[in-house]
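Please find one structure pasted underneath; my questions will follow.
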């Protein structure tokens, strides 16, 4: 039977491991956002986390595993909080509207979300073997997708959204289009020279408005306009 002291030591060890694990992920994420995944070394991650490089390898055997955990953190820092908030509301069709419009908030406050996601998708696609941690990432994305599908159905129930198309597929296409355009705006600052009229965030919202309008019934468009006016 373990003594109370042994139990405390094991608990403290587990807590330290968890802290180190999270510290490495946060440090790697910041470096990946600033330098890119390919350009960041484990030594730089270790230096940023103020731990030895051997400790980094103890938790993550390769950069692919570390990048996947950074991608999960990116999702949590980005859309997931708004998806959880909207999912817990009874706003019907406005649930999906608020999630798509939240891309503008991310664009203004944490543009690294879009930069990292593009870099991560490119990095993962080039790996000959997918990291084991992709199972956790896919589980995270699966939960997110189930929430989104239910919110779309809520919008259909209250007649906000149309019933004559596969809105699940349409939403996926819309989310990719929004993220891609946001990344272009970040890279090029703005797409239209009249910046005083067409600010980057206005351009992004215009795209979201157009995509949402195409998903909506006439009733949905009227209610959406009353929300955003």
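Determine whether residue 185 is modelled with pLDDT under 95 and either surrounded by 13 or more Cβ atoms within 10 Å (Cβ to Cβ) or at positive phi (or both).
yes
Among (1) closer than 23 Å to residue 137 by Cβ; (2) in contact (Cβ under 8 Å) with a residue 12 or more places away in the chain; (3) not assigned by TED's automatic domain parsing to the domain that holds residue 149, which single condition is residue 72 missing?
(3)
Related question: In segment 36-49, is there at least one residue being in contact with a helix residue (DSSP H, G or I) (Cβ under 6 Å, 6 or more places away or on another chain), on the phi > 0 side of the Ramachandran plot, surrounded by fewer than 20 Cβ atoms within 10 Å (Cβ to Cβ) and at pLDDT 95 or above?
Yes; the residues of segment 36-49 include at least one that is in contact with a helix residue (DSSP H, G or I) (Cβ under 6 Å, 6 or more places away or on another chain), on the phi > 0 side of the Ramachandran plot, surrounded by fewer than 20 Cβ atoms within 10 Å (Cβ to Cβ) and at pLDDT 95 or above.
Which is touching a residue at least 24 places away in the same chain (Cβ under 8 Å), assigned to a helix (DSSP H, G or I) and not assigned by TED's automatic domain parsing to the domain that holds residue 210, of 55, 140? Write out each step before concluding.
Values: 140 fails: not assigned by TED's automatic domain parsing to the domain that holds residue 210.
None of the other options fit; the residue is 55.
Can you go through 95, 80 and tell me which one is outside any loop (DSSP other than H, G, I, E, B), in contact (Cβ under 8 Å) with a residue 12 or more places away in the chain, under 16 Å from the mean Cα position of the chain (by Cα) and under 30 Å from residue 228 (Cβ atoms)?
Numbers: 95 fails: under 16 Å from the mean Cα position of the chain (by Cα).
Just one listed residue meets the conditions, 80.
The values are calculated or read from the model by the stated rules, or taken from the named source; none is laboratory data. Since the structure is predicted, the reported quantities are computational estimates derived from the model, not experimental observations. FYI the Cβ positions are ideal-geometry reconstructions off the backbone, even for glycines, and counts take in every protein chain you see.
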